[in-house]
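Novice: Pasting a structure below so you can have a look.
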Amino acid sequence: MIGDLDEALATTRSIRRRLAFGEPVDRALIRACLEQAVQAPNGGNRQGWRFVVVDDQTVIGQFADYYRKASEAYFAADTGMDPQVREAAQLLARRMHEVPALVVGCLAGRLAPGASAREMSGFYGSIYPALWSFMLAASARRLGTSLTTAHLAYEREVADVLGIPYETTTQVAAVTVGHILGGGVGRGPRRPADEVLAWNRWRESAG
Ligand SMILES: Cc1cc2nc3c(=O)[nH]c(=O)nc-3n(C[C@H](O)[C@H](O)[C@H](O)COP(=O)(O)O)c2cc1C
């Protein structure tokens with residue numbers, strides 16, 4: 001049990017190169033993952049989350065146009081990105097219109113300019129655990145996901161495409177969903193925990 005969970009935690013990766021673009025995903029599978037996602041912790045258990053699942057290729061195509069435009073601007077501006085991450089992210093941007101499904105995670109409300117640290121953390125933190133649970137549940141079902149935020153540069157335009165009431169609802173991320181091509185998924189390239197943890201008192205990272 002612990003082993004299975006640990007394995008899932010380490011191997012739920014962004015599936016971009018190995019996504020089965022163009023191969024539909026059964027809605028029942030996506031719904032099953034969302035049933036687990038809504039068990040996630042969230043501020044005051046207010047459950048202000050909404051999940052817009054998009055599997056209509058015409059609508060995905062409209063989303064993809066904004067996603068690609070936003071990504072191109074982002075890649076042009078960010079020169080420090082790991083080349084492998086950049087290449088995978090660019091591939092996803094190029095092929096976004098072929099992604100089988102998207103889950104757009106939204107929250108009721110909109111942060112006021114100058115929101116406090118507690119407000120910002122409480123707001124965005126009230127959906128990220130659910131999105132990660134969704135990704136874990138998907139990976140347990142051999143579905144590959146990737147959490148993306150690039151389209152938020154065009155949040156208002158995408159709100160129009162999806163009928164999301166922009167003034168009262170914040171989009172937080174779009175998770176791409178599809179079957180995974182090939183065999184197992186490896187652990188993520190990460191700094192060891194010992195380099196980034198401190199006991200009892202802050203210390204500068206060892207790496
Ligand atoms: C807040 C956040 C935003 C992200 N936005 C994007 C994105 O817009 N496009 C993309 O391709 N990947 C995006 N990612 C995925 C990261 O690039 C990825 O998690 C990271 O490179 C580590 O790779 P791994 O998930 O395969 O271990 C995002 C991840 C997070 C947590």
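The values are calculated or read from the model by the stated rules, or taken from the named source; none is laboratory data. No experiment lies behind these values; they were computed from the predicted model shown. Cβ placement follows ideal geometry from the backbone for every residue including glycine, while neighbour counts extend to all protein chains displayed. For the accessible areas, the whole protein counts, side chains as well, though only heavy atoms, and no ligand, DNA or RNA atoms are used. Shrake-Rupley method; radii C 1.70, N 1.55, O 1.52, S 1.80 Å.
Novice: What chymotrypsin sites (Phe, Trp or Tyr not before Pro) in the range 133-207 are in a loop by DSSP, with at most 16 other Cβ atoms within 10 Å of the Cβ?
Specialist: Sites meeting the loop and neighbour criteria: TYR166, TRP199, TRP202.
Novice: Using a basic spin-label model with each label point 7 Å from the Cα along Cα→Cβ, how many nm lie between LYS69 and ARG27?
Specialist: 3.0
Novice: When each pair of different Cα atoms in the chain is counted once in the 1/r mean, what is the Kirkwood radius in angstroms, to one decimal?
Specialist: 18.3
Novice: Between ASP78 and MET1, 0.36 nm times their residue separation minus their Cα-Cα distance comes to what?
Specialist: Full-extension gain reported as 23.7 nm.
Novice: Find the Rg to Rh ratio for the range 165-207, where Rh is the Kirkwood radius over alpha-carbon pairs and Rg uses the same atoms.
Specialist: Checking Rg against Rh, the ratio lands at 1.22.
Novice: Same structure, new question: What figure, in Å² to the nearest 10, do you get for the accessible area of THR149 with a 1.4 Å probe and non-protein molecules left out?
Specialist: 70
Novice: For GLN39 and ALA153 in the same chain, what is the full-extension length gain: residue separation times 0.36 nm, less their Cα-Cα distance, in nm?
Specialist: Stretched out fully, the GLN39 to ALA153 stretch lengthens by 38.1 nm.
Novice: Can you give me the distance in nm between label points at ALA112 and GLU87, each placed 7 Å from the Cα along the Cα-to-Cβ direction?
Specialist: Here the answer is 4.8 nm between the modelled labels.
Novice: How large is the dipole of the chain about the Cα centre if only Lys and Arg carry +1 and Asp and Glu carry -1, each at its Cβ, rounded to the nearest 20 debye?
Specialist: In total the dipole reaches around 240 debye.
Novice: A further question follows. What is the spread of the Cα atoms of the range 84-179 along each of their three principal axes, largest first, in whole Å?
Specialist: 38, 28, 27
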